[in-house]
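J.: Quick one: structure below, then a few questions.
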Amino acid sequence: MARSPKRLLLLIGPGILVAATGVGAGDLATAAFAGSQLGLTVLWAVVVGAAVKLILNEQLARWQLATGTTILEGMVQKLGPLVWALFGAYLLLWSPFVAVALMKACGAVLHAMVPLVPMNVGAIACALVGLVMVWLGGFALFQRVMAACIAVMVLVVLASAGAAFPPPIEFLSGFVPRVPEDRQALGWTVALVGGVGGTLTIICYSYWMREAGRDKPEDLKTCRIDLAVGYSMTALFGLGMIVLAAGVAEGGALTGRGASVIVQVAERVGEATHPFMRWAFLIGAFGAVFSSVLGVWQAVPYVFADWWGMRPGRGGRDAPIEKVSTTSPLYRGSLVALATLPCTLLFVDFKTAQKLYALIGAAFIPLLAVALILLMNRRAWVGQALANRWGTNIALGVALSVCILAAVWSMLGL
């Protein structure tokens, strides 16, 4: 019997959300830059990066279904208050800079589509529209809009890439892992592996699981299905960007940073195919960055409220943690702060702070992987059925190694 669209969205919704939120301006720019510089030789890096994030998120889901607590709650309760302090420092540094980066990307793409709209005006407008949608729309509207955004961005990028698709043998050869000898090329390859699928946004899946009513071990199969769908879309999007960038690189490798690279790709696509495709690509790119804005606006207040609810002195380390409500003053206050305060950074260049933010961001995923290894191997905490097996530990160990390599390379590149 065929599933209704509503039933299908309920099944794969949280995975779609984590995929759409994790694909931001940085992922677009990194994939485009790597494709223009290295061609198809880095296709394998996208697949590896998506697989790493899938492994980590599957572990996160198993922890939550086994214990009823989010991974953040588990890390603080089981690993101690130092985790609370370190995570809070990361969250407070990460949030404003990722917010302003997403705003700038939205503003740049919107300006490329409608030149009369100044970039900073477009950035602020997108931030406020996202704020209103999350405040008034509730989770159901948020999920539908996000599903539409990721469908548009994946379809547009794949359609654009189809116009520049290489011979099949050349395309397939890009999935053979190769480690570039050139230092810069190696850096772009590692950046692809580490950047696909986001950083802190991975743990947002915990809260979307709760919204979807997944709270029993029997829900693990559903979580695996929707994560597989979500990260498959992430991988397809990254592969499409590389093929597209490699196909339009005849005019020279792309230059610039961030959203300017996205606009460059759109211009090249229009020149190589048809002016309509320039517009189509910009619409897909806008869907990608605006969906990230919505995802961050909706989920990061959850994370902040969850983190603050575990502060030292609230009643003891093992005191029950109150579930976060999207109508609570703490959630809504965090939402308003996230969507408005970073607007002041649109007019200031904080290069040193951004480097520090990038450094801490690169370190987050390896630390999460270590925490999962510590938590998921304690059968007294997660039970025999959901604890890690040797095969899972090997996969997690490989993921950890890849994440450490990406983090170290990011640190060396600063």
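The values are calculated or read from the model by the stated rules, or taken from the named source; none is laboratory data. Keep in mind the model is a prediction, meaning the values are calculated, not measured. Here Cβ is always computed from backbone atoms with ideal geometry, including for glycine, and neighbour counts include all displayed protein chains. Just the protein is used for accessible areas: all its heavy atoms, side chains included, with ligands, DNA and RNA removed. Shrake-Rupley method; radii C 1.70, N 1.55, O 1.52, S 1.80 Å.
J.: Quick one: how many Å² of TRP84 are accessible to a 1.4 Å probe, rounded to 10?
T.: Ignoring ligands and nucleic acids, TRP84 comes out at about 40 Å².
J.: Per residue, how much accessible area does region 263-304 show when a 1.4 Å probe rolls over the protein heavy atoms, in square angstrom?
T.: 31
J.: Grab the other residues whose beta carbon is less than 15 angstrom from that of ASN393, score K and R as +1, D and E as -1, and report the net.
T.: Cβ neighbours under 15 Å give a net charge of +3.
J.: Probe radius 1.4 Å, ligands and nucleic acids left out: which of TRP94, TRP44 has the largest accessible area, and how do the rest follow?
T.: I get TRP44, TRP94, largest accessible area first.
J.: I'd like to check one number: the per residue accessible area of region 118-166, probe 1.4 Å, reported in Å² as a whole number.
T.: 44
J.: Follow-up. What whole-number value in cubic angstrom gives the convex hull volume per residue for the C-alpha atoms of region 93-163?
T.: That works out to 110 Å³ per residue.
J.: Rounded to the nearest percent, how much of the accessible area of region 118-178 (1.4 Å probe, protein heavy atoms only) is carbon and sulfur?
T.: Taking all protein chains in place, region 118-178 shows 81 percent carbon and sulfur surface.
J.: Could you derive backbone 3J(HN,Hα) for region 284-290 from the dihedral phi with the Karplus parameters 6.51, -1.76 and 1.60 (θ = phi - 60°), listing whole Hz in sequence and x where the residue is Gly or Pro?
T.: With the stated coefficients, region 284-290 comes to x, 5, 5, x, 5, 6, 6 Hz.
J.: Turning to a different aspect of this structure: Based on alpha-carbon centroids, what's the gap between region 156-218 and region 58-130 in Å, whole number please?
T.: When both Cα centres are located, 19 Å separates them.
J.: Still on this structure, please answer the following. With N denoting the number of residues in region 193-243, provide Rg(C-alpha) divided by 2.2 N^0.38 Å, to two decimal places.
T.: 1.33
J.: If eta is 1.567 mPa s and T is 4 °C, what Stokes-Einstein diffusion coefficient results for region 117-227, Kirkwood Rh from Cα pairs, in µm²/s?
T.: Translational diffusion coefficient: 70 µm²/s.
J.: Could I ask something else about it? Please list 3J(HN,Hα) in residue order for region 141-146, calculated via the Karplus relation 6.51 cos²θ - 1.76 cosθ + 1.60 where θ = phi - 60°; whole Hz, with x for glycine and proline.
T.: 5, 4, 5, 5, 5, 5
J.: Keeping every protein chain in place, order ASP219, ASP182, ASP306 by accessible area at 1.4 Å, biggest value first, i.e. largest first.
T.: ASP182, ASP219, ASP306
J.: Still on this structure, please answer the following. Which whole-Hz couplings ³J(HN,Hα) result when phi for each residue of region 124-132 is put into the Karplus expression 6.51 cos²θ - 1.76 cosθ + 1.60, θ = phi - 60°, listed in order with x for Gly and Pro?
T.: After applying 6.51 cos²θ - 1.76 cosθ + 1.60, I find 5, 4, 5, 4, 6, 4, x, 4, 5 Hz.
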